[in-house]
1. Could you give the distance between the Cα centres of region 314-390 and region 549-603, to the whole Å?
2. I'd like the orientation of helix 349-368 relative to the chain: the angle between its Cα long axis and the longest Cα principal axis, in ° from 0 to 90, rounded to 10.
3. Which order do peptides 288-301, 231-244, 40-53, 404-417 fall in by mean Cβ count within 10 Å, highest first?
4. Please report how far the C-alpha centroid of region 257-308 lies from that of region 104-159, rounded to the nearest whole angstrom.
5. What is region 364-457 by shape, rounded, prolate or oblate, if you read a ≥ b ≥ c off the alpha carbon gyration tensor as root eigenvalues and call it rounded for a/c under 1.5, prolate for a/b larger than b/c, and oblate otherwise?
6. With all pairs of different alpha carbon atoms counted, what Kirkwood hydrodynamic radius in Å does region 181-325 show?
7. Please work out the average accessible area per residue across the chain, using the 1.4 Å probe convention, and give it in Å².
8. Among Ala441, Leu33, Ala353, whose Cα lies farthest out toward the positive end of the dipole of the chain, if unit charges sit on the beta carbon of Lys, Arg (+1) and Asp, Glu (-1)?
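The values are calculated or read from the model by the stated rules, or taken from the named source; none is laboratory data. Everything numeric in this text was worked out from a predicted model, so none of it was measured. As a convention, Cβ positions derive from the backbone with ideal geometry for all residues, glycine included, and neighbour counts pool all protein chains shown. Remember, those area values only see protein heavy atoms, side chains included, never the ligands or the DNA or RNA. Shrake-Rupley method; radii C 1.70, N 1.55, O 1.52, S 1.80 Å.
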Amino acid sequence: MDLSAEWLEADGRGGFASGTVGLLRTRRYHALLLAAATPPTGRIVLVNGIEAWVETSAGRNALTSQAYADGTVFPDGRTHLRDFQAAPFPSWSFVLPGGTAITFTLFCARDEAETVLRWTADRPVDLAVRPLFSGRDYHALHHQNAAFAFGSVATPTGRIWQPYDGVPQISARGDFAWTDEPVWYRGFSYAQERERGLDDGEDLASPGLFTWHSVHEATLVFRAGAPGNGRLDGLEAAERTRRSRPARDVAADAYVAARGQGRTLLAGFPWFTDWGRDTFVSIRGLLIVPGRLREAADVLLAWSGHVSAGMLPNRFPDAGAEPEYNAVDASLWFVVAVHELLAADGAGADQAARLRAAVVAVLEGYASGTRYGIALDARDGLLRAGVPGVQLTWMDARVGEHVVTPRAGKPVEVQALWIIALRVAGAWAGGDRWQALADRAQASFLAAFPDPETGGLIDVLDSPDVQGGRDRRVRPNQVLAAGGLPFEVVTPALRAGIVALAERDLLTPLGLRTLSPSDPDYRPRYAGGPAERDGVYHQGTVWPWLLGPFVAAWLAVHGSGPEARAEARARFLAPLRAHLDTAGLGHVSEVADGDAPHRPGGCPFQAWSLGELIRIETMLGGEAQAGEPA
């Protein structure tokens with residue numbers, strides 16, 4: 001039982017509950033009720049945690065743990081913890097002195113800003129629960145102040161609080177007794193925040209106590225806003241039914257969220273909302289491959305209305321400001337996703353027409369020229385992009401004004417995506433123009449990008465940042481030209497060279513490194529404060545999502561017969577499946593260290609990482625084989 005591993009309960013609105021197996025809150029994002037005021041953004045932490053204890057004939061014993069700035073852990077319910085199960089609901093089993101067995105379970109109800117907590121004992125106990133409230137932005141921290149409103153109002157089913165003006169109410173329902181006993185708990189400390197070089201101290205407000213006397217079972221429901229009226233047995237039954245589906249489908253649900261009247265995909269937990277690039281990469285594995293086509297269509301249609309001068313937003317800011325159009329590849333990934341949805345007959349005639357119109361708008365905008373120097377180069381049919389100080393590709397880290405991985409010019413994966421996008425539209429009625437341009441762009445690509453010295457491809461052509469304009473650093477972006485996209489971009493011989501180079505320099509058990517270890521700028525560890533982490537984000541750090549296109553390319557080189565698939569399962573799939581039991585339980589992390597043992601980092605729950613795992617499982621036969629973890 002890994003006490004540092006993290007569990008996640010997402011509500012389908014952008015809100016969630018999360019924490020650790022070992023009961024401690026180690027991040028500012030760990031909370032029992034974290035709600036999206038303007039789904040899926042405007043996230044507010046309302047109920048950070050609880051203190052819970054029981055009294056039996058053997059005495060008083062804690063079921064929760066709190067870590068403080070001086071290193072103290074008190075109380076420490078871990079001393080009684082005997083087991084943890086992540087499915088179907090996060091569930092902790094305790095055995096207390098005297099033999100009393102207690103199980104604590106929680107879940108977030110789908111499409112409700114609500115978290116259900118339940119304690120079950122094998123004999124009557126007295127239970128007390130002290131809630132710990134804040135009412136802060138989920139990126140912030142909370143400190144003692146005079147403005148917090150401790151008072152509550154009784155409702156027919158419980159209590160309701162308004163911690164601050166302009167913040168959602170907190171309601172609680174259940175068959176508890178309530179005692180007003182306002183107090184500040186000061187000096188909580190979050191180890192993961194400290195490790196990430198951030199402030200880690202917080203004060204929380206506790207307005208009183210929930211108590212139950214001589215009970216076998218107690219239920220407490222926290223909700224953002226007015227109390228809910230849904231029957232708890234109905235909510236639980238619905239959740240059990242939803243979670244009886246295959247594990248990957250249930251995990252994928254976490255990223256599907258409401259946006260307005262439509263749907264979107266969240267990039268990761270605990271700190272990302274919906275990002276364009278991440279949405280269009282992850283939708284293939286999370287929704288299209290498993291046949292969740294209606295949801296996939298809803299997502300793509302919702303985004304299709306935001307095409308502007310050929311570009312789709314890369315991000316919708318939390319504060320509700322205007323969308324940010326600052327990615328060259330997001331729109332091209334959208335085209336790939338649309339193609340795969342339509343190929344699966346996942347859209348009706350009207351929907352398909354709207355999506356095709358959005359694709360054509362993307363190509364027209366790029367061909368005519370749009371923001372940040374993104375435009376068709378009439379000389380070779382390729383796509384150029386970039387202005388000083390702006391990162392347009394997925395390798396987008398900056399430290400202050402310093403661009404860590406400058407890739408202005410013609411990045412290799414952008415050219416592959418451009419060629420694919422042209423092929424997609426070229427196959428439609430009236431698409432001759434795009435097909436001809438695709439032919440020209442592909443011929444130019446094959447003439448300009450191969451690197452005889454490495455056997456692979458250069459990373460950027462016409463780069464203003466490299467003498468001679470050819471950035472030859474060994475990065476994984478070239479793998480996207482070799483596999484994982486709907487049409488062929490490179491020759492079989494070139495694909496074999498790319499795969500061999502990636503295996504030699506970039507492959508790890510958890511994904512591909514973002515830079516070869518032989519490069520002087522390679523950084524082996526993703527660690528430190530924000531500036532240190534941003535400085536190594538794409539300088540050797542491993543990204544699991546890249547394993548999907550690599551495996552596709554590897555199979556194209558080695559064949560997809562039984563022996564090749566067995567080798568691929570052992571080498572590429574088994575380590576990812578083992579990772580599901582660490583970091584974010586049932587999910588795949590955002591990144592990992594470039595050097596062994598490849599410690600995971602970043603978001604422990606990342607959409608495109610999980611999506612590519614699902615795609616790899618599909619390529620290799622889906623179900624776990626004998627001896628492999630599921």
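1. Each part reduced to its Cα centre gives a spacing of 29 Å.
2. 60 degrees
3. Values: 288-301: 20.6, 231-244: 13.1, 40-53: 23.1, 404-417: 25.4.
Result, highest mean first: 404-417, 40-53, 288-301, 231-244.
4. 31 Å
5. On the way: a/c = 2.47, a/b = 1.44, b/c = 1.71.
Cα axes put region 364-457 in the oblate bin.
6. Value: 19.3 Å, from the Cα pair sum.
7. 36 Å²
8. Ala353
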